[in-house]
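The values are calculated or read from the model by the stated rules, or taken from the named source; none is laboratory data. Note that this is a predicted model, so its numbers are computed, not measured. Neighbour counts run over all protein chains shown; Cβ positions are idealised from the backbone, glycine included.
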Amino acid sequence: MSEQTTRDLRDDEVAPLPPAPDRTDRRLRWAGEILVTIGVVLVLFVVYEVWVTNWMTADRQQTASEELARSWVGAPTAAAPVATAAPEEGTPTARLTIPSLGAGHSWVVVEGTSQDDLRTGPGHYTGSAQPGLPGNFAVAGHRVGRGAPFNDLGELESCAPLVVETAQGWAVYRVLPHADEAATWATGRGRAPQCRGLAPIDGVPGEEIVTPRDVGVIAAVPNRPGAAPAGSLITLTTCHPKFSARQRLVVHGVLDRFVPRVPGGGAPAELAN
Amino acid sequence: MYEKLWTLLPGPPALRVALAVLAAAAVVLLLMTVVFPAVETLLVPGDVAFG
């Protein structure tokens, strides 16, 4: 370094200004700042998708839950599920509880599966069966963001209870045997106490991964479009794998029993934990 | 760009910092409540549902 740059300045001296950036430097700085800004906006978008939408959905769920409770006041009771008029799209229709996914895993299901419907929570496929009735009660839900109601759907084991509460009572479904369990069901997992009375249904595994075009999974008899329903089934669908819409994770269950909402009666034991 | 924005802010440094934080919060709020929901509608619809 030269003597001029290292020596102390005299009191009457002024430090020399750094050279002004030329045009190329300024352009590079602008480009860098714009790229950093774009990066920050993208990070914020991820934050919005994964977390902020959860808060928005929680708020919508609260409103839907209050609306559902109001709609049940004074509703007629029945010993068995009965068909009601098809609700309008976006209307809260039932409450889905999956006890094995943890306490509080309970969601108000709205009618319809549009983007806007699913911002509130799981959505009932319009035209599929109503809870507890013959046919397939099919429900879609997000796996990431918007509350991620079906985030852990892949962890459901066979026989896990899926409880759908309506004004009339509780339809208790159980996840069907998985494909790899069906062959040894009678001598294997089928002997577990929670699986009593449950048997595999041909062509309807408890869990399957399909492409988005395989709409047959929500047919009245899953994977057999056009077949007449012989029982009451439930189908839950979500995207797969996480953070991707490339495939669909599908869980099928069958109605175990219906618990009517009667004075003095209580909720199913599955909801006690 | 940001240097120019900074010079547009009036007052002493403490006030400038406060105004900058408020402006940044306003931009984030605008993104979260208006821009991102609008962008979402342009993405592939029905990303978890069939049909």
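Annotation note: of A:Glu49, A:Glu111, the sole residue that is modelled with pLDDT under 95 and among the charged types (D, E, K, R) is A:Glu49.
Residue count for segment A:181-225, restricted to those that are of a type in the set (Val, Ile, Thr), surrounded by 12 or more Cβ atoms within 10 Å (Cβ to Cβ) and in contact (Cβ under 8 Å) with a residue 24 or more places away in the chain: 7.
Condition test on A:Arg174, is it basic (Lys, Arg) and at pLDDT below 95? In short, no. Selection of segment A:90-104 for residues being free of Cβ contacts under 8 Å to residues at least 40 places away in the same chain, touching a helix residue (DSSP H, G or I) at 6+ places or on another chain (Cβ under 9 Å) and part of a loop (DSSP other than H, G, I, E, B) yields A:Gly90, A:Thr91.
Residues in segment B:1-26 that are farther than 23 Å from A:Leu35 by Cβ and not in a helix (DSSP H, G or I) were compared, and the one that is nearest to the other protein chains (Cβ to nearest Cβ) is B:Leu9. Pairing residues of segment A:147-165 that are without any contact (Cβ under 8 Å) to a residue 60 or more places away in the chain and farther than 24 Å from A:Ala64 by Cβ with residues that are among the small types (Gly, Ala, Ser) and surrounded by 22 or more Cβ atoms within 10 Å (Cβ to Cβ), at Cβ distances under 9 Å and at least 6 apart in sequence or on separate chains, gives A:Glu157/A:Gly206; A:Ser158/A:Gly206; A:Cys159/A:Gly206. Within segment A:202-244, if we keep just the residues that are polar (S, T, N, Q) and assigned to a loop (DSSP other than H, G, I, E, B), the residue that is nearest to A:Phe150 (Cα to Cα) turns out to be A:Ser244. Selection of segment A:108-125 for residues being touching a Ser or Thr at 6+ places or on another chain (Cβ under 8 Å), in contact (Cβ under 8 Å) with a residue 24 or more places away in the chain and either within 14 Å of chain B (Cβ to nearest Cβ) or among the polar types (S, T, N, Q) (or both) yields A:Val109, A:Val110, A:Glu111, A:Thr113, A:Arg119, A:Thr120, A:Gly121, A:His124, A:Tyr125.
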